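Worksheet for the structure shown next.
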Amino acid sequence: MPPVTFPGRINVVERPDQAEKALDYLAMQPVVGFDTETRPSFRKGQTNIVSLMQISTPDRCFLFRLNKIGFGGRLKEFIENRAITKIGLSLKDDFFMLHKITPFEPGGFVELQHLVKEYNITDGSLQKIYGILFGQRISKSQRLSNWEAAELTPAQQAYAAIDAWACLRIYTRLTDHSFNPADSPFIVPNP
């Protein structure tokens, strides 16, 4: 399958003033894609806190560097806002890690792993779901990179943006009813 490329603009948010502008824009969006990244730990028993939160529209992705700006104030309010639909995958894991920073009540979230089951898609990985729906491959080569680096590389930025944007794109494809499971060669029929 051909690789996926993010078609929009990526904004890295590292300062409070940038976060305010990003959240002003995102507050006007009815639906966004969501994901987080955490610096990997290669020591047994050691975990890190979330370094990056990605929130994407169809043509723009904001990479909130939580290791620089924290997770509170308006960003926390946005995550708790039930009026804005936020689409993610494996949200339980994201929420568990974010709760290590601060308590919050997630609002308006849709878990793709539950939604795809309604379309006979049994695999819950973002790569496989995206491949089934769009015939393209999401690279995971940056997954274990250092998300707390002084600066995110262009490859890290693209990877992070694609993960949040792909969630939104999958949701849109399924809810606009343009995907018919019977037409997909990848769907395993129910017995």
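So here's what we get for this one:
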{"quantity": "Listed residues Phe179, Phe64 arranged by accessible area, highest first, probe 1.4 Å", "calculated": "Phe179, Phe64"}
{"quantity": "Accessible-area composition of the chain, carbon plus sulfur, in percent [1.4 Å probe]", "calculated": "52"}
{"quantity": "5 angstrom amide H check on Val12, placed H, neighbours 5+ away", "calculated": "Leu63"}
{"quantity": "Whole-Hz couplings from phi, Karplus 6.51/-1.76/1.60, listed for segment 13-20; x for Gly and Pro", "calculated": "10, 10, 10, x, 5, 5, 5, 4"}
{"quantity": "Selected from Met97, Met53, Met28 as most flexible by GNM, with the chain as the system and alpha-carbon contacts under 10 Å", "calculated": "Met28"}
{"quantity": "Neighbour count of at most 15 Cβ within 10 Å plus DSSP loop: longest trypsin sites (Lys or Arg not before Pro)-free window in the chain", "calculated": "144-191"}
{"quantity": "Sequence-distant residues sharing a close amide H with Ile87 (under 5 Å, placed H)", "calculated": "Val32, Gly33, Phe34, Val110"}
{"quantity": "Shape category assigned to segment 1-129 from the gyration tensor of Cα positions, a/c cut at 1.5", "calculated": "rounded"}
{"quantity": "Inter-label distance for Val31 and His177, nm, one decimal - labels placed 7 Å from Cα along Cα-to-Cβ", "calculated": "1.4"}
{"quantity": "Theoretical ellipticity at 222 nm over the chain - DSSP helices of four or more residues, -39500 (n - 2.57) apiece, nearest 500", "calculated": "-10000 deg cm²/dmol"}
{"quantity": "Count of lysine pairs in segment 1-124 with Cα separation under 24 Å (8 or more residues apart, or interchain)", "calculated": "16"}
{"quantity": "Placed amide H near Thr38: partners under 5 Å, 5+ positions off or other chain", "calculated": "Ser51"}
{"quantity": "Residue with peak Gaussian network fluctuation, the chain [Cα springs, cutoff 10 Å], from Asn11, Asn146, Asn48", "calculated": "Asn48"}
{"quantity": "Overall Cα dimensions of segment 93-147 - principal axes, largest extent first, Å", "calculated": "38, 31, 15"}
{"quantity": "Table column - 3J(HN,Hα) (Hz), segment 162-167, Karplus curve with 6.51, -1.76, 1.60, x for Gly and Pro", "calculated": "4, 4, 6, 5, 4, 4"}
{"quantity": "Rounded, prolate or oblate (a/c below 1.5 giving rounded, otherwise prolate when a/b exceeds b/c) for segment 48-98 by Cα gyration tensor", "calculated": "rounded"}
{"quantity": "Rounded if a/c under 1.5, otherwise prolate or oblate - segment 1-59, Cα gyration tensor axes", "calculated": "oblate"}
{"quantity": "Per residue, in Å², the accessible surface of segment 35-158 once ligands and nucleic acids are set aside, probe 1.4 Å", "calculated": "49"}
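The values are calculated or read from the model by the stated rules, or taken from the named source; none is laboratory data. Because the structure is a prediction, the values reported are computed rather than measured. Heads up, the Cβs are rebuilt from the backbone with ideal geometry, glycines too, and the neighbour counts pull from every protein chain shown. The area values use the complete protein model at the heavy-atom level, side chains included, leaving out ligands, DNA and RNA. Shrake-Rupley method; radii C 1.70, N 1.55, O 1.52, S 1.80 Å.
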